[in-house]
Amino acid sequence: MAGKLVVVKVGTGSLVKNDGSLNLESMKRLVDQIAKAVKDGNKIILVTSGAIAAGIAELKVKPNPNDIVFKQACAAAGQSILMSYYREFFKAHGLKVAQVLLTERDLSDRISYLHTCNVLDRLLQLGVIPIINENDVTSINEIIPVMKGQKINFSDNDILSVLIANATEADLVVILTTVDGLYTKSPEKPGASLIPVVEKITPEIRRAAEGKSRFGRGGMKTKIQAAEIAMQSGIPLIIANSNRENVLLDILDGKHVGTLFKPYGRKLPSIKKWIAYGAGTKGQIKVNEGAKKAILRGASLLAVGIEGVSGRFQIGEVVSIVDPDGKEFARGISNYTSEEINLIKGMNTKQIEKTLGYIRQKEIVSRKRMVLEEDMNEY
């Protein structure tokens, strides 16, 4: 699979020992494989966990999993330790690394998203290995959004890895964990068997993914959520065991390793892919049944079809479009603020101009900057 762009995500459990300290042998083994893959002509983006665990070990404090600030403080102490080892191990192969810390806000804001894409692209052009982690010090993804209608799009490095793959138009996502892949039930239970290929996320698949990681925040459940986004985006994703010898190289050689989640989604334009998966929605626009039918037939959203607005948002931010029952059926970039829409909802073009004194655009949300729910879940 030479010449491909691959996003590799490695979980905390694959990077630490039983006592929670960093497993340098495991880190080096992963770096050796990435270096070989790069020298074979591939481009690799590494999404890594482990900063919190490294910080806990460094500070020699008793873990308190229910204290968010405690974990953020440990991440601050552990991030530099994590990067120093990565830098040392990659340097042995003549490769340079760059640290990229992201929060959900960095990917939900269109300008920040584009800057992130540009920087990652330039680093890859320079032959540098981008090493990405969620910025746990400033991230608020474990806090419930305070405004009605807001939705944050990732809360774990599993999801982050797929959003990065979408942003960079990667060819493959590999999630390395402490099990061989997805099993029919917990691999510790009798009769559990590995599922080699998943073509659709079914209720049975979701039930098989229940459970939580010992060291990380996610577990198999978030990996299935990540896989679903990848499948809908047209990107294959593989979950495999990091402890398997040459696991990454075998995957890149096309060998059957772990669980493959086969893509089924059609490729969306980059702007729509961001709307669907990268952006967090900043509010809701409720429309009447006539507007919903028109949108589903390919029309833009006009003010006359709007019944109400929830949340506060600005021009250019992504909003959820819901039907009279409050069910989301589309998302799009708003051409007006929430305050403006509240003033002009239900109005025709002439009434809008009279009320606001101007018409920025006839459409509240243009169809070309809108994604339907069926586009995101089309299987």
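The values are calculated or read from the model by the stated rules, or taken from the named source; none is laboratory data. Model, not experiment: these values are computed from the prediction. With ideal geometry, Cβ positions are generated from the backbone for all residues, glycine too; neighbour counts draw on all protein chains shown.
Miscellaneous remarks
- Test: residue in the range 362-377 that is assigned to a helix (DSSP H, G or I), surrounded by 20 or more Cβ atoms within 10 Å (Cβ to Cβ) and modelled with pLDDT under 95: yes
- Residues of the range 274-292 satisfying the condition of being among the small types (Gly, Ala, Ser) and at pLDDT 95 or above: GLY290, ALA291
- Complete set of residues in the range 168-209 that are part of a loop (DSSP other than H, G, I, E, B) and without any contact (Cβ under 8 Å) to a residue 12 or more places away in the chain: PRO187, GLU188, LYS189, PRO190, GLY191, ALA192, SER193, THR202
- The listed residue being β-branched (Val, Ile, Thr) and out of contact with any strand residue (DSSP E or B) (no Cβ under 6 Å at 6 or more places or on another chain), out of THR337, THR281: THR337
- At least 3 residues being surrounded by fewer than 19 Cβ atoms within 10 Å (Cβ to Cβ) is the threshold, and among the helices (runs of 4 or more DSSP H) wholly inside the range 45-124 those reaching it are 68-91.
- Restricting attention to the range 12-31 and to residues that are touching a helix residue (DSSP H, G or I) at 6+ places or on another chain (Cβ under 8 Å) and at pLDDT below 90, the residue that is surrounded by the fewest Cβ atoms within 10 Å (Cβ to Cβ) turns out to be ASP19.
- Leading residue by the ranking (nearest to ILE159 (Cα to Cα)) among those in the range 244-273 that are at pLDDT below 95 and touching a Ser or Thr at 6+ places or on another chain (Cβ under 9 Å): LYS273
- Within the range 332-355, at least one residue is under 30 Å from ILE201 (Cα atoms) and under 27 Å from the mean Cα position of the chain (by Cα).
- Scan of the range 229-250 for residues that are part of a helix (DSSP H, G or I), closer than 27 Å to SER108 by Cβ and in contact with a strand residue (DSSP E or B) (Cβ under 8 Å, 6 or more places away or on another chain), ordered by number: ALA230, MET231
- Test: residue in the range 36-54 that is more than 21 Å from VAL128 (Cβ to Cβ) and acidic (Asp, Glu): no
- Qualifying positions in the range 78-103 - touching a strand residue (DSSP E or B) at 6+ places or on another chain (Cβ under 6 Å) and of a type in the set (Lys, Arg): ARG87
- Test: residue in the range 25-40 that is outside any helix (DSSP H, G or I) and either within 28 Å of ALA167 (Cα to Cα) or in contact (Cβ under 8 Å) with a residue 40 or more places away in the chain (or both): yes
- Filter pass, ILE52 being over 27 Å from GLY254 (Cβ atoms), under 23 Å from the mean Cα position of the chain (by Cα) and at pLDDT below 95: yes
- Unmet requirement for LYS4, which otherwise passes all of (1) closer than 25 Å to ALA230 by Cβ; (2) buried (at least 23 other Cβ atoms within 10 Å of the Cβ); (3) under 21 Å from the mean Cα position of the chain (by Cα): (2)
- Considering only residues in the range 62-82 that are without any contact (Cβ under 8 Å) to a residue 12 or more places away in the chain and of a type outside the set (Val, Ile, Thr), the one that is nearest to LEU30 (Cα to Cα) turns out to be SER80.
- Leading residue by the ranking (nearest to ILE271 (Cα to Cα)) among those in the range 163-206 that are at pLDDT 85 or above and of a type in the set (Lys, Arg): LYS200
- Count of residues meeting criterion [modelled with pLDDT of 95 or more and under 28 Å from ASP375 (Cα atoms)] in the range 343-361: 2
- Cross-chain or 6+ apart pairs with Cβ under 9 Å, the range 83-108 first and over 16 Å from MET27 (Cα atoms) and at pLDDT below 95, then surrounded by fewer than 17 Cβ atoms within 10 Å (Cβ to Cβ) and among the small types (Gly, Ala, Ser): LEU102/SER112; ARG105/SER112; ASP106/SER112
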